Amino acid sequence: MPRTETWGAIIFNAFSVFVFAQTAWLILARSLAPLASTLSVMFIPTLGVFSGAVWLNEILHWQDWAGVFLIVISTACVLWPTRDSKSQT
């Protein structure tokens, strides 16, 4: 049988991830524009990296910063406004 701490972690994850987070995601996915909901998925690893660093006292290495940088750059590439071809003529 698992210890009390293990059961606490299982119950916490069951309610925080499967009940709260999944419900919140489904509500947001229905109400947000497709671009916003798609791009928000890209920030999940970023949130995981920084929350792990804060809560678990993990040390961030250059690979973590490079990954976050690439996510921010890819998001900026999608969101950066483009020039309208009609306004150039």
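Please treat every number below as a calculation from the coordinates, not as lab data. Keep in mind it's a predicted model, so treat the numbers as computed, not measured. Ideal geometry is used to build each Cβ from the backbone, glycine not excepted, and the neighbour counts take in all protein chains shown.
Scan the chain for chymotrypsin sites (Phe, Trp or Tyr not before Pro) in coil per DSSP, keeping those whose Cβ has at most 15 other Cβ atoms within 10 Å, and list them by number.
Of the chymotrypsin sites (Phe, Trp or Tyr not before Pro), the ones in loops of the chain whose Cβ has at most 15 other Cβ atoms within 10 Å are PHE43.
Note the angle between two axes, namely the Cα long axis of helix 44-55 and the longest principal axis of the Cα atoms of the chain, as a number of degrees from 0 to 90, rounded to the nearest 10.
50 degrees
Could you work out the helix-only [θ] at 222 nm for the chain, with each DSSP H run of four or more residues adding -39,500 (n - 2.57) and the total divided by the number of residues, to the nearest 500 deg cm²/dmol? Don't skip to the end; give the middle numbers.
On the way: 5 runs with 59 residues, N = 89.
For the chain, the value works out to -20500 deg cm²/dmol.
Which residues does the label zone of SER74 cover in region 39-57, counting backbone N under 12 Å from a point 7 Å along Cα→Cβ?
Of the residues in region 39-57, 39-46 have backbone N under 12 Å from the label point off SER74.
Rounded to the nearest 0.05, what FRET efficiency do PHE12 and THR82 have when you use their Cβ-Cβ distance and R0 = 41 Å? Let's see the in-between values first.
Working: r = 44 Å, r/R0 = 1.08.
For PHE12 and THR82, the calculated efficiency is 0.40.
Residue separation times 0.36 nm, minus the C-alpha to C-alpha distance between GLN22 and GLN63: what's the value?
That pair, GLN22 and GLN63, stretches by 11.9 nm at full extension.
Compute the Rg/Rh shape ratio of the chain: radius of gyration over Kirkwood radius, all on alpha-carbon atoms.
On the way: Rg = 18.9 Å, Rh = 16.4 Å.
That ratio is 1.15, to two decimals.
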